[in-house]
Amino acid sequence: MSALQVKDVTVTRGAGAVIRDVAFSLEPGRITALVGPNGAGKTSLLEAISGVIPAASGSVHIGDTEVTKHSRVARAKLGLAHIEQGRAVFPGLTVMENLKLTARTWPRVEEVLALFPELDKRRNSPTALLSGGEQQMVVLARAFAARPKFLLIDEMSLGLAPVVFTRLLPMVTRFAEEGAAILLVEQFTHLALGVSQDAIVVSSGKVTYQGSAQDLLNSPETLHSAYLGE
Amino acid sequence: MLQGALAGLAAGGLYAVLAVCLTLMSRLVRVVNFSQSATGMFGCYVAVWLSIHIGLPTWAAAVVGIVLGSALSALLGWIISTWLAEADIGTRSAVTVAVLLLLISLSFILFGNKPQPFHPLLPGPAFSVNGVVVSQVTVVTVVLSVLIALGCRALLTKTSFGLELRALSERPTTAELMGIPAKPLAVAVWAATGLLSTLVITIVAPSQSNDATSLSMLVVPASAAALLGGFRRLDLAVVGGLVLGMAQGAVAQVDSLSVVRYFLPFLVIVGLLLWSQRKEVWDVAR
C-alpha cells in the first residue's frame with residue numbers, strides 16, 4: 001500500500017496562516033500522533049488534507065496521485081477517511097444505517113458490529129438516542145467499515161470520559177494492524193503517543209518535533225519544549 | 001357544499017404533490033423552493049406554445065414541457081449546489097424567490113400576460129356519486145399525490161440512494177468525506193421535483209386559473225400544506241394539500257364566504273406558524 005504525503009502545506013484562515021509549510025508522510029500500518037496546544041492548527045491541517053478547506057500552498061498526494069485540487073468525494077474514493085471533531089453521526093439514521101453507508105455489504109456490517117458489541121445490541125436505534133461514547137463508536141465503526149487506506153482522526157476523545165476513550169483506542173491500533181495509515185489528533189497526549197509509532201508536534205502552525213512517538217513520550221522536556229515551540 | 005369540496009380535490013391533489021416536492025427539497029437539499037410551481041408553469045407554457053405554434057400533438061408537447069420544467073429545476077439546483085453549497089437555508093431559498101420573479105417576468109415577455117389556451121389532457125368526468133361528478137383530473141391528481149408520497153417514502157427508507165440522500169441532508173460535509181457525491185444527488189432531487197411539479201401542473205392547469213402569476217403562486221397553498229408536516233413529513237403534506245383544496249372548494253360554494261378561499265392558505269400558514277411557536281411564547285411569558 002502506498003503512502004499519503006503532505007508536502008509543504010500552508011493553510012490560511014482569514015488573513016493569517018494557521019499552518020505553515022508542514023511536510024510529513026503517513027505509512028501503511030503505522031499510527032502517527034499529531035499533537036500540540038489548542039489553536040496550533042491541527043484541525044485545519046486535517047481539513048486541508050481531506051479537502052474540507054483548501055490548502056493555500058503545498059500539495060497532498062495519495063500514492064502517486066496529487067489530490068490537492070481534488071474534491072472531498074474524490075479523495076474519499078482514493079481511500080482517505082476523515083473522522084471529524086465532535087460526534088459526526090447522522091442522528092436521524094439508525095446504527096445499522098450509519099454503517100451501511102460505508103460498508104456496502106451485510107457481511108462487512110456484521111463483521112464491524114462484532115467488534116463493537118455495545119452497538120450490536122442497539123443496531124436499530126437512531127444514533128441520536130445513543131450516549132456520547134456509543135455515538136463515537138458508531139463514527140469509528142463506520143470508518144472501519146469502509147476499509148480506508150488512510151484515516152484521519154480528530155479529537156476522538158472530545159467530550160468523552162477517559163475510560164470510554166481507552167476502550168476505543170485498541171480499535172484504532174487494530175485497524176492500523178490491518179494495514180491502514182492513521183493520523184491521530186488527540187488532547188490526551190500521553191495516551192495518543194502510547195499507541196503511536198510516529199509523532200508530530202505542531203505549535204503556532206509550525207512543526208516543532210517530528211520523529212519517534214516513544215522518544216517523545218520518554219522525554220518530557222522534549223515534549224514540553226515542542227509544545228512551547230522552543 | 002359536498003360538490004364544492006369534491007371539486008376542490010383536484011386543486012387539493014395539486015397542492016399535495018407540490019407540498020411533497022417542497023418537503024423533499026427542504027429535507028434533502030436545504031431549500032424552501034419558492035420557484036417550485038413557477039418552473040412547472042414555465043414548462044407548461046412552453047408546451048402550449050409548441051402545441052399551438054409548432055403543431056406538436058398535445059401529449060408530445062406536454063412531454064417536452066415536463067422535461068423542460070425538470071431541466072430548468074435541475075439547472076437551478078446545479079447553480080445552487082455549485083455556488084451556494086455552504087450557504088444557509090435562508091440564502092439558498094432567497095435565490096429561488098429571484099428565480100420565481102424571473103420566470104414570471106420571462107413568461108410575460110415570451111407569452112404575454114393572458115391565460116394560455118391549454119388543451120385538457122384528461123377531459124371529462126371519471127364517475128359520479130349521488131349526482132356529484134368527480135372528474136378524471138381529480139382522480140388522477142389525488143391518486144398521484146398519494147403514490148408520489150408513498151414512492152418517495154419507500155425510496156428514502158428502502159434504497160441505498162435514499163439512505164445517501166438522508167445522510168447528505170443531515171451532515172453534508174461528513175457525507176462528502178465518506179465519498180457520497182453531494183452535487184449529483186442534489187441535482188437529481190431538483191430534477192425529480194421539477195418533473196413532478198410540471199407534470200401535475202400540466203394535468204390541472206386546463207381546469208383552473210392558468211395565468212402565469214396564478215400558477216406560480218400555487219407555491220403559497222403548497223407551502224401551507226407542507227407546513228402542516230413541518231416540511232418534514234410527507235404524509236401530513238399530502239393530507240394538508242387535500243384538506244386545503246377541499247376547504248377552498250367548500251368555502252367557494254357559500255356566497256358570503258367565497259372570497260375567503262383566496263385567503264385560506266395565508267390563514268393556514270399564519271395559524272400553523274403561531275401554533276408551532278406556542279412553546280416559545282409561553283416560555284417567554286413565564
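The values are calculated or read from the model by the stated rules, or taken from the named source; none is laboratory data. No experiment lies behind these values; they were computed from the predicted model shown. Backbone-built Cβ (ideal geometry, glycine too); neighbour counts: all protein chains shown.
Here is a check on your reading of the model: is residue B:194 touching a Cys at 6+ places or on another chain (Cβ under 9 Å), away from every other protein chain (no Cβ under 14 Å) and either buried (at least 23 other Cβ atoms within 10 Å of the Cβ) or of a type outside the set (Ser, Thr, Tyr) (or both)?
Judged against the criteria, residue B:194 is a match.
Output the number of residues of the range A:97-107 satisfying the condition of being of a type in the set (A, V, I, L, M, F, W, C) and either facing chain B (nearest Cβ under 10 Å) or without any contact (Cβ under 8 Å) to a residue 12 or more places away in the chain (or both).
Total meeting the criteria: 2.
Any idea which of B:241, B:249 is at pLDDT below 95 and either small (Gly, Ala, Ser) or not in a helix (DSSP H, G or I) (or both)?
On the way: B:241 fails: at pLDDT below 95.
Checking each option against the conditions leaves just B:249.
Which one of the conditions (1) surrounded by 17 or more Cβ atoms within 10 Å (Cβ to Cβ); (2) more than 8 Å from chain A (Cβ to nearest Cβ) does residue B:177 fail to meet, given that it meets all the rest?
All conditions pass for residue B:177, except number (2).
For the range A:181-194, state whether one or more residues are more than 13 Å from the chain's Cα centre (by Cα) and either among the hydroxyl-bearing types (Ser, Thr, Tyr) or surrounded by 18 or more Cβ atoms within 10 Å (Cβ to Cβ) (or both).
yes
Within the range A:167-194, which residues are out of contact with any Phe, Trp or Tyr (no Cβ under 9 Å at 6 or more places or on another chain) and β-branched (Val, Ile, Thr)?
Within the range A:167-194, A:172, A:173, A:185 meet the criteria.
For the range B:59-110, enumerate the residues that are surrounded by 17 or more Cβ atoms within 10 Å (Cβ to Cβ) and not aliphatic (A, V, I, L, M).
B:65, B:69, B:70, B:73, B:77, B:81, B:92, B:93, B:96, B:107
Among the residues of the range A:195-230, which ones are assigned to a helix (DSSP H, G or I) and surrounded by 16 or more Cβ atoms within 10 Å (Cβ to Cβ)?
Hits for the range A:195-230 are A:195, A:213, A:216, A:217, A:222, A:223, A:226, A:227.
Any idea which of A:71, A:50 is within 11 Å of chain B (Cβ to nearest Cβ) and in contact (Cβ under 8 Å) with a residue 60 or more places away in the chain? Give the derivation first.
Working: A:71 fails: in contact (Cβ under 8 Å) with a residue 60 or more places away in the chain.
Unique residue meeting the criteria: A:50.
Collect the residues in the range A:110-158 that are hydroxyl-bearing (Ser, Thr, Tyr) and either within 27 Å of residue A:181 (Cβ to Cβ) or outside any loop (DSSP other than H, G, I, E, B) (or both), keeping them in residue-number order.
If the condition is that a residue be hydroxyl-bearing (Ser, Thr, Tyr) and either within 27 Å of residue A:181 (Cβ to Cβ) or outside any loop (DSSP other than H, G, I, E, B) (or both), then A:127, A:157 are the ones that fit.
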